[in-house]
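Below you'll find the structure, written out as structure tokens, and then a few comments.
The values are calculated or read from the model by the stated rules, or taken from the named source; none is laboratory data. Note that the structure is predicted; figures quoted are calculated from it, not measured. Positions of Cβ are backbone-derived with ideal geometry, glycine not excepted, and every protein chain shown enters the neighbour counts. Just so you know, the surface numbers come from the protein's heavy atoms only, side chains and all, with ligands and any DNA or RNA stripped out. Shrake-Rupley method; radii C 1.70, N 1.55, O 1.52, S 1.80 Å.
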Amino acid sequence: MSFIGSYKPKQFNLSGLKGISDQTLEMHFKLYEGYVKESNKLSEKISEFIKDGNVDQDEMPAYSELSRRLGFEFNGMVLHEYYFENLTSGGGTGDPNRNSPFAKAAESSFRSYEIWKADFVGIGKMRGVGWAICYENPANGRLSNHWITLHETGNVAGFNPILVMDVWEHAFLLDYKPAERPKYIEAFFSNIDWATVEKRLRTDTGVKLARA
Ligand SMILES: [Fe+2]
């Protein structure tokens, strides 16, 4: 039994990205599959502990460790899915169209798309191991960018991930030097699938933003 369900790795067809090699992607897909496998395994193990309806004192250390690891592995699985899904092979457009829903939401929240981008890129360049994520607050449709340490620290409860960028070194180390993260971020932007990003936005954003 697995209390959060049993997950299968999703398949992504992304070969031919600009500035992110197929070799990097292959390695990255394998890492992602590892997160899926570990999430399933942890869920099953935790289920074993709780099946008698009680966590005994002597079970607590192992149970606690497994539960903490579940937060890491499960977020690792989900964030990679967002990341791969918001990329497209064959060349994205770089920046979104000026009149697109995303550009408008960024403008409403940051005064201009350029300021939103400077903030998102700035977060992506932060030292450390983690993610840069643009979220939408479902209460008012506003966008905000956040740094996530590892996979699980810094996610904002209830906010929806709209654009997700992996900045762990494994995301670019085969293509760039560790100090060349800005080049990888540039490559990431040239492969963004803005249509997918915009599908994640609430459809009534404009109405709510006017009220916010
Ligand atoms: Fe990754």
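In region 172-192, the residues that are over 9 Å from residue 19 (Cα atoms) form Cβ pairs under 6 Å with partners that are among the β-branched types (Val, Ile, Thr), at six or more places apart or across chains, as follows: 174/24; 185/121. Flag: residue 137 does not match the condition of being of a type outside the set (Ser, Thr, Tyr), open to solvent by 30 Å² or more (accessible area, probe 1.4 Å) and within 16 Å of the ligand (Cβ to nearest atom). In region 101-122, is there at least one residue being over 30 Å from residue 7 (Cα atoms), out of contact with any Pro (no Cβ under 7 Å at 6 or more places or on another chain), at pLDDT below 95 and polar (S, T, N, Q)? No - not one qualifying residue is present in region 101-122. In region 49-67, the residues that are closer than 14 Å to residue 2 by Cα reach residues that are part of a loop (DSSP other than H, G, I, E, B) with C-beta atoms within less than 9 angstrom, at least six apart or across chains, in these pairs: 49/55; 49/56; 50/3; 51/1.
State whether the residues of region 103-112 include one that is assigned to a loop (DSSP other than H, G, I, E, B) and either in contact with a strand residue (DSSP E or B) (Cβ under 8 Å, 6 or more places away or on another chain) or touching a residue at least 24 places away in the same chain (Cβ under 8 Å) (or both). No, region 103-112 contains no residue that is assigned to a loop (DSSP other than H, G, I, E, B) and either in contact with a strand residue (DSSP E or B) (Cβ under 8 Å, 6 or more places away or on another chain) or touching a residue at least 24 places away in the same chain (Cβ under 8 Å) (or both).
Criterion first (open to solvent by 60 Å² or more (accessible area, probe 1.4 Å) and within 16 Å of the ligand (Cβ to nearest atom)) does residue 51 satisfy it? Answer is no for this residue.
Each residue in region 30-39 was checked for being within 10 Å of the ligand (Cβ to nearest atom) and either polar (S, T, N, Q) or surrounded by 17 or more Cβ atoms within 10 Å (Cβ to Cβ) (or both), and 2 pass.
How do the pairs read when you match residues in region 19-46 that are within 30 Å of residue 180 (Cβ to Cβ) with residues anywhere that are at pLDDT 95 or above and within 12 Å of the ligand (Cβ to nearest atom), using Cβ under 6 Å and keeping only pairs 6 or more apart or on different chains? Once the first residue is within 30 Å of residue 180 (Cβ to Cβ) and sits in region 19-46, its partners that are at pLDDT 95 or above and within 12 Å of the ligand (Cβ to nearest atom) give 32/80; 35/76; 35/77; 36/77. Scanning region 140-160 for residues that are under 22 Å from residue 102 (Cβ atoms), open to solvent by 50 Å² or more (accessible area, probe 1.4 Å) and part of a loop (DSSP other than H, G, I, E, B) turns up 142, 155, 158, 159. Could you say which residue among 75, 86, 99 is within 15 Å of residue 196 (Cβ to Cβ) and either within 16 Å of the ligand (Cβ to nearest atom) or open to solvent by 60 Å² or more (accessible area, probe 1.4 Å) (or both)? It is 86. Do we have residue 47 as in a helix (DSSP H, G or I) and either in contact with a strand residue (DSSP E or B) (Cβ under 8 Å, 6 or more places away or on another chain) or at pLDDT below 95 (or both) here? Here the answer is yes, as residue 47 does meet what is asked.
Residue count for region 169-199, restricted to those that are touching a helix residue (DSSP H, G or I) at 6+ places or on another chain (Cβ under 9 Å), more than 15 Å from residue 95 (Cα to Cα) and either within 14 Å of the ligand (Cβ to nearest atom) or of a type in the set (Gly, Ala, Ser) (or both): 9.
Of the residues that sit in region 132-162 and are farther than 16 Å from residue 81 by Cα and hydroxyl-bearing (Ser, Thr, Tyr), which one is farthest from the chain's Cα centre (by Cα)? Among them, the one singled out is 144. Of the residues that make up region 7-15, is at least one out of contact with any helix residue (DSSP H, G or I) (no Cβ under 8 Å at 6 or more places or on another chain), open to solvent by less than 50 Å² (accessible area, probe 1.4 Å), within 14 Å of the ligand (Cβ to nearest atom) and within 30 Å of residue 183 (Cα to Cα)? Checking region 7-15: not a single residue is out of contact with any helix residue (DSSP H, G or I) (no Cβ under 8 Å at 6 or more places or on another chain), open to solvent by less than 50 Å² (accessible area, probe 1.4 Å), within 14 Å of the ligand (Cβ to nearest atom) and within 30 Å of residue 183 (Cα to Cα).
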